[in-house]
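Participant: The structure's right below; bear with me while I get my questions together.
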Amino acid sequence: MSVNTFGRLLRFTTWGESHGPALGAVVDGCPPGLAISENKIQPFLDARRPGQSKFTTQRQEPDQVRILSGTFEGQTTGTPISLMIENVDQRSKDYSEVAKAYRPGHADYAYDAKYGFRDYRGGGRSSARETAARVAAGAVARLVIPEVVVIGWVAEIGGDAIDPANFDANEIGRNPFFCPDPVAAVRWEKLVDEARLAGSSLGAVVECVASGVPVGWGAPIYGKLDADLASAMMGINAVKGIEIGDGFAAARLNGEGNADPMRPGNAGPVFTANHAGGIAGGISTGQPVKVRVAFKPTSSILTPVETIDRDGQATEIRTKGRHDPCVGIRGVPVVEAMMALVLADHKLLHRGQCG
């Protein structure tokens, strides 16, 4: 069985391939009566859209979304919402070498070994192109959680991290890297451009914070909010790691250093730290929910790499075509979308159990 659906009450299914005629998502379980239009979804797709700078793939896709079902007179009806995005700039001929041999670090070999054949045109479902459908679905999820503000940014590229002292949320939309540190953004121009010109690629770390999440979303043991966030983020193509709150750094702290002290407040406790990332015991605490997501370097590179062909013979491969020198840059809208989808699902789950 090929699993292409995520969520419990708010469920979404993505469909389509990188070089097919279109791709999209079906969002089921969205409450009725929410104001919706293509114009409310499009800005999030525009943020992820390729070809907007020399630091991303030069594939020119308008990524115009069409709502095919689930709405009437500008509102959700409570029935499945079908979203479609056409592919208009495929160049499948760029993948002639990929048809013969496997890209190391890519899903080429694993797909072929599992299914007995694969769609080598851009990687099919394993392509980062699939994430456009998630971003569209995430825009619908945001309608379900108007009380929550989700914002993401790139915190690190190629091992070069931002300086938290320079953090300015207004800078995120002012540069092609979704970078909140204007000093780091200047460094990254040179860093990413050098990798691009060398025919190589770089990894990145994306951070995402959801503010306004009330206390109580999530469930113990098998319905943990952080477990679902981890599953959602790890399901993004090219993601190899996730941290909640302090993540692995928590293992280097002692008990008092890792605690999130509480003081009395007018509307519940006031926390003086947030090492837990807004989640304790799988349930939201009312603090901002924080995640960090690691994206590996793009596997499609011009630098020759040792591999094998489909017959098991030794060879080398260099991937021609249009590819992101750092796929994590355009991962920001995708991480935001998955955060929104998980939180919307848990809001509905909480309402269903606790009223």
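The values are calculated or read from the model by the stated rules, or taken from the named source; none is laboratory data. Source: prediction; values computed, not measured. Don't worry about glycine lacking a Cβ; one is built from the backbone with ideal geometry, like all the others, and counts go over all protein chains shown. Just the protein is used for accessible areas: all its heavy atoms, side chains included, with ligands, DNA and RNA removed. Shrake-Rupley method; radii C 1.70, N 1.55, O 1.52, S 1.80 Å.
Participant: Could you list, in sequence order, the residues of the stretch 108-129 that are open to solvent by 30 Å² or more (accessible area, probe 1.4 Å) and either at positive phi or assigned to a loop (DSSP other than H, G, I, E, B) (or both)?
Facilitator: GLY116, PHE117, ARG118, ASP119, TYR120, ARG121
Participant: If only one of ALA198, ALA132, ALA230 is small (Gly, Ala, Ser), open to solvent by 20 Å² or more (accessible area, probe 1.4 Å) and closer than 30 Å to LEU348 by Cβ, which one is it?
Facilitator: When all the criteria are applied, what remains is ALA230.
Participant: Related question: Select from the stretch 259-293 the residues that are among the β-branched types (Val, Ile, Thr) and surrounded by 14 or more Cβ atoms within 10 Å (Cβ to Cβ) and write down the one among them that is nearest to the chain's Cα centre (by Cα). Please lay out each step first, then the result.
Facilitator: So in the stretch 259-293, the residues among the β-branched types (Val, Ile, Thr) come out as 270, 272, 279, 283, 285, 289, 291, 293.
After this cut, where a residue has to be surrounded by 14 or more Cβ atoms within 10 Å (Cβ to Cβ) as well, the list is 279, 283, 285, 289, 291, 293.
On the way: ILE279: 20, ILE283: 22, THR285: 24, VAL289: 16, VAL291: 11, VAL293: 9 Å.
Applying the filter and picking the extreme gives VAL293.
Participant: Also, I was wondering about something else. Somewhere in the stretch 142-155, is a residue touching a residue at least 12 places away in the same chain (Cβ under 8 Å), aromatic (Phe, Trp, Tyr), open to solvent by 10 Å² or more (accessible area, probe 1.4 Å) and over 30 Å from PRO80 (Cβ atoms)? Reasoning before the result, please.
Facilitator: So the first thing to find is which residues in the stretch 142-155 are touching a residue at least 12 places away in the same chain (Cβ under 8 Å), and the list is 142-145, 147-155.
Cutting the leftovers down to aromatic (Phe, Trp, Tyr) gives us 153.
When the remaining residues are screened for being open to solvent by 10 Å² or more (accessible area, probe 1.4 Å), the result is 153.
Going one step further and asking which of them are over 30 Å from PRO80 (Cβ atoms), we end up with 153.
Yes: one or more hits.
Participant: Tally time: how many residues in the stretch 306-351 are under 16 Å from VAL206 (Cβ atoms) and of a type in the set (Gly, Ala, Ser)?
Facilitator: Looking only at that region, the number is 4.
Participant: Can you tell me which of (1) in a strand (DSSP E or B); (2) polar (S, T, N, Q); (3) surrounded by fewer than 16 Cβ atoms within 10 Å (Cβ to Cβ) is the one THR303 doesn't meet?
Facilitator: Result: THR303 fails condition (1) only.
Listed here are the residues, each with its yes/no results for (1) assigned to a loop (DSSP other than H, G, I, E, B); (2) among the charged types (D, E, K, R); (3) crowded, with 20+ Cβ neighbours inside 10 Å; (4) modelled with pLDDT under 95.
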| position | (1), (2), (3), (4) |
| --- | --- |
| SER2 | yes, no, no, yes |
| PRO31 | yes, no, no, no |
| LYS40 | no, yes, no, no |
| GLN52 | yes, no, no, yes |
| GLN58 | yes, no, no, yes |
| ASP89 | yes, yes, no, yes |
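Participant: Give all pairs with beta carbons closer than 8 Å in which a residue from the stretch 156-178 that is under 18 Å from ALA204 (Cα atoms) meets a residue that is open to solvent by 40 Å² or more (accessible area, probe 1.4 Å) and in a strand (DSSP E or B); count only pairs at least 6 apart in sequence or on separate chains.
Facilitator: Taking only residues 6 or more apart or on different chains, the pairs are ILE162/GLU156; ILE172/ILE151.
Participant: Take the residues of the stretch 307-340 that are open to solvent by 10 Å² or more (accessible area, probe 1.4 Å), modelled with pLDDT of 90 or more and touching a Pro at 6+ places or on another chain (Cβ under 9 Å): which is farthest from GLU194 (Cα to Cα)?
Facilitator: Looking at residues that are open to solvent by 10 Å² or more (accessible area, probe 1.4 Å), modelled with pLDDT of 90 or more and touching a Pro at 6+ places or on another chain (Cβ under 9 Å), I get THR307.
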